[in-house]
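Each remark here refers to the structure printed beneath this line.
Nothing in this text is a laboratory measurement; each read-out follows from the coordinates by a stated rule. All figures in this text were calculated on a predicted structure; none of them were measured in a lab. Cβ placement follows ideal geometry from the backbone for every residue including glycine, while neighbour counts extend to all protein chains displayed.
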Amino acid sequence: MKTKTKQVNVEWLRSRMFVGTDHLGTSIAIGYDQESEPAGQAANPSDLLLLSAAACSAYDVVQILEKAKQPLEDLKVDVRAEQSQESPYPYVSLHFNYIVKGKVDPDKVQRAMQLSEDKYCSVLATLKPGLTFTSEYTLED
C-alpha cells in the first residue's frame with residue numbers, strides 16, 4: 001500500500017478549549033471553556049468525527065453526480081449515530097440519510113453513495129470496520 005503523510009495539530013488554550021489546525025493551516029475551535037465569563041463552547045471532538053465522515057462522503061457524492069452531469073441543486077447529509085455509554089465511548093452504529101435536491105437520476109444517486117461509501121471516502125474506510133454502517137437517500141424536488 002502506498003501512503004502519504006499528513007500532519008495536523010491541536011493546541012491547548014485553556015480549560016477544555018483547544019484549537020485544531022489541519023494540514024492546510026485552517027483552524028477550528030474544539031471543546032469548551034466553563035471557567036471564563038461567559039462560558040465558551042466550540043465543536044465537540046466526537047461530533048467532529050461524524051461531521052468529517054459526512055463531509056467526506058458528501059464531497060464524493062457531489063463530485064460523482066457532477067461528473068455524471070446530474071442537475072444537483074442541493075445536498076445535505078443527516079447523520080444518526082449510536083455511541084456506547086461505556087468508556088472509551090466508541091460509536092457502534094452510523095446511519096447517513098443523503099437529502100438530495102434536484103432532478104437527478106435515483107440510480108446515479110445510489111451509485112454515487114456506493115462509490116463514496118465503499119471506495120473513495122477515507123473517513124468511512126477508517127470507521128466502517130468498527131461499527132455498523134447503513135445509509136439511505138431522500139429525493140426532494
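The candidate values were (1) 17.6, 52; (2) 42.2, 115; (3) 14.0, 43; the one computed from these coordinates for Rg and Dmax of the Cα atoms in Å carries the label (1).
Cross-link pairs exceeding 29 Å between alpha carbons, from the set Lys2/Lys76; Lys6/Lys128; Lys4/Lys103: Lys2/Lys76; Lys4/Lys103. Which of Leu49, Leu75, Leu24 moves most in a GNM of the chain, Cα contacts under 10 Å? Looking only at Leu49, Leu75, Leu24, the biggest GNM fluctuation is shown by Leu24. Of the GluC sites (Glu not before Pro) found in the stretch 1-108, the ones in coil according to DSSP and having at most 14 other Cβ atoms within 10 Å of their Cβ are Glu35, Glu86. Relative contact order of the stretch 45-140, taken over Cα pairs closer than 8 Å and 6 or more residues apart, is 34 percent. Between Ser84, Ser36, Ser46, the residue with the greatest mean-square fluctuation in the GNM of the chain (Cα pairs under 10 Å linked by springs) is Ser36. What is the local net charge at Gly40, summed over the other residues whose Cβ is closer than 11 Å to its Cβ (Lys, Arg +1; Asp, Glu -1)? Counting the neighbours of Gly40, the net charge comes to -1.
Pick from Asp118, Asp74, Asp22: which residue has the top mean-square fluctuation in a GNM of the chain where Cα pairs under 10 Å get a spring? In the Gaussian network model the winner is Asp22.
The residues neighbouring Val104, those whose beta-carbon lies less than 12 Å from its own, together hold a net charge of -2 under the Lys/Arg +1, Asp/Glu -1 convention. Footprinting exposure proxy ranking of Phe133, Phe96, Phe18, fewest other C-beta atoms within 10 angstrom first, gives Phe133, Phe18, Phe96. Listed by Cβ neighbour count within 10 Å, with the fewest neighbours leading, Lys2, Lys103, Lys76 appear as Lys2, Lys103, Lys76.
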